[in-house]
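Since the structure comes first, as structure tokens, the remarks are kept for the end.
The values are calculated or read from the model by the stated rules, or taken from the named source; none is laboratory data. Since we're looking at a predicted model, the values are computed, not measured. Counting neighbours? That spans all protein chains shown, and the Cβs are built from the backbone with ideal geometry, glycine included.
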Amino acid sequence: MGIRLKIPTNHVRSESLKIREKLIKGEESNVVAKAGLIAHGRGEAFDYLLGEITIPPALFAARAAAASLLLASHPVISVNGNSAALVPDGLVALSREIPADLEVNLFYRSRKREDAVKAALKSAGARAILGVGRDANAVIPELFSERRKVDPQGIYSADVVLVPLEDGDRTQALKKLGKFVITIDLNPLSRTAQTADITIVDNLIRAAPNILASVKEMKTLDKTDLKLICDRYDNKKNLSETMLYIRERLRQLSRDN
Ligand code: PTJ
């Protein structure tokens with residue numbers, strides 16, 4: 001085990017350091033892949049550009065995501081190492097509230113990591129967890145990474161899949177299978193962000209509670225109203241607004257200097 005950092009509460013970046021510690025701990029317990037630590041660094045850089053807040057287009061996307069998940073006949077939340085380390089409680093609460101299945105899906109798949117992610121979800125209160133061991137015996141065609149292995153009871157037969165932060169290939173493959181894909185990715189330029197049906201450009205730490213709050217708020221709406229929320233959403237337009245927000249923020253910051 002590495003050196004444990006004692007984070008001073010008055011440190012200006014204490015929140016960010018605590019999140020890093022969560023991921024380091026997650027890596028030590030096999031939940032997070034080593035590459036997950038690198039992926040987090042990339043995310044942090046994009047989060048700086050947003051000002052580390054949920055910007056209006058991200059909130060709008062989170063609302064559309066909540067409506068789509070509520071309208072789905074078989075929604076599934078795909079869980080990788082980083083998401084299990086960062087927001088296990090949030091994902092379990094979301095899966096209960098929708099309700100949606102939880103499925104372990106890893107790029108760096110090993111039995112050890114599948115079990116570690118499953119254990120993290122279990123200690124957050126999850127009951128059924130799909131996609132572990134022999135249960136992941138269906139294959140997403142045209143996908144050659146370990147992500148191709150899915151559960152026939154889960155992602156394989158889902159109509160809507162929520163895929164928090166990941167690499168690009170699977171989103172395209174899932175779309176080819178006719179799935180509606182919702183992603184949470186701080187990088188608006190990533191292949192996942194560009195190909196998903198709904199992209200929430202926000203930190204998963206903020207996005208998960210936002211989706212949950214919208215699901216709770218919209219649960220009593222009828223299908224026509226939920227559909228209206230979905231129909232009003234345009235991912236390309238939302239991504240453009242995100243990039244314009246970043247441009248405007250950088251313009252203002254460069255003026256202040
Ligand atoms: O647990 P595994 O084996 O499934 O592996 C997971 C990782 C993340 C290692 C794997 O999917 C990967 O390599 O992903 P990438 O290609 O690095 O993409 C991760 C994306 O997530 C990047 O676009 C990051 O900007 C973004 N990201 C990182 N941290 C966050 C994030 N987006 C939202 N919230 C975050 N906290």
Just wondering, is there one or more residues in region 169-178 that are at pLDDT 95 or above, crowded, with 21+ Cβ neighbours inside 10 Å and more than 16 Å from the chain's Cα centre (by Cα)?
-> no
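The rows are residues; the columns are (1) farther than 19 Å from Ile155 by Cβ; (2) buried (at least 17 other Cβ atoms within 10 Å of the Cβ); (3) of a type outside the set (Asp, Glu).
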| site | (1), (2), (3) |
| --- | --- |
| Thr183 | no, yes, yes |
| Asn203 | yes, yes, yes |
| Thr220 | yes, no, yes |
| Thr224 | yes, no, yes |
| Leu228 | yes, no, yes |
| Glu241 | yes, yes, no |
| Glu248 | yes, no, no |
| Leu253 | yes, no, yes |
Could you list all residues from region 171-203 that are in contact with a strand residue (DSSP E or B) (Cβ under 7 Å, 6 or more places away or on another chain) and within 21 Å of Leu130 (Cα to Cα)?
-> Thr171, Leu174, Lys175, Lys179, Phe180, Val181, Ile182, Thr183, Ile184
Limited to region 178-188, what total is found for residues that are of a type outside the set (Ser, Thr, Tyr) and more than 7 Å from the ligand (Cβ to nearest atom)?
-> 6
Hits in region 189-207 - residues which are more than 9 Å from the ligand (Cβ to nearest atom) and not polar (S, T, N, Q) = Ala196, Asp197, Ile198
Qualifying positions in region 142-164 - surrounded by fewer than 15 Cβ atoms within 10 Å (Cβ to Cβ) and either touching a Lys or Arg at 6+ places or on another chain (Cβ under 8 Å) or on the phi > 0 side of the Ramachandran plot (or both) | Glu142, Glu146, Asp159
What is the residue count in region 97-152 for residues that are assigned to a helix (DSSP H, G or I), within 13 Å of the ligand (Cβ to nearest atom) and closer than 19 Å to Arg170 by Cβ?
-> 6
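Each row is one residue, and each column tells you yes or no for (1) touching a Pro at 6+ places or on another chain (Cβ under 7 Å); (2) within 20 Å of Leu239 (Cα to Cα); (3) surrounded by 21 or more Cβ atoms within 10 Å (Cβ to Cβ).
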| position | (1), (2), (3) |
| --- | --- |
| Gly81 | no, no, yes |
| Pro88 | no, no, yes |
| Ala93 | no, no, no |
| Ala100 | yes, no, yes |
| Ser110 | no, no, no |
Matching entry among Lys34, Lys6, Lys25 (being more than 19 Å from Ile184 (Cα to Cα), loosely packed, with under 14 Cβ neighbours inside 10 Å and either within 10 Å of the ligand (Cβ to nearest atom) or at pLDDT 95 or above (or both)) | Lys34
Which of the helices (runs of 4 or more DSSP H) contained wholly in region 187-257 include at least 3 residues that are closer than 21 Å to Gly41 by Cβ and without any contact (Cβ under 8 Å) to a residue 60 or more places away in the chain?
-> 191-195
When region 172-207 is examined, which residues are found to be among the polar types (S, T, N, Q) and farther than 19 Å from Met243 by Cβ?
-> Gln172
Could you list, in sequence order, all residues of region 40-96 that are over 16 Å from the mean Cα position of the chain (by Cα), within 12 Å of the ligand (Cβ to nearest atom) and in contact (Cβ under 8 Å) with a residue 12 or more places away in the chain?
-> Leu49, Leu50, Glu52
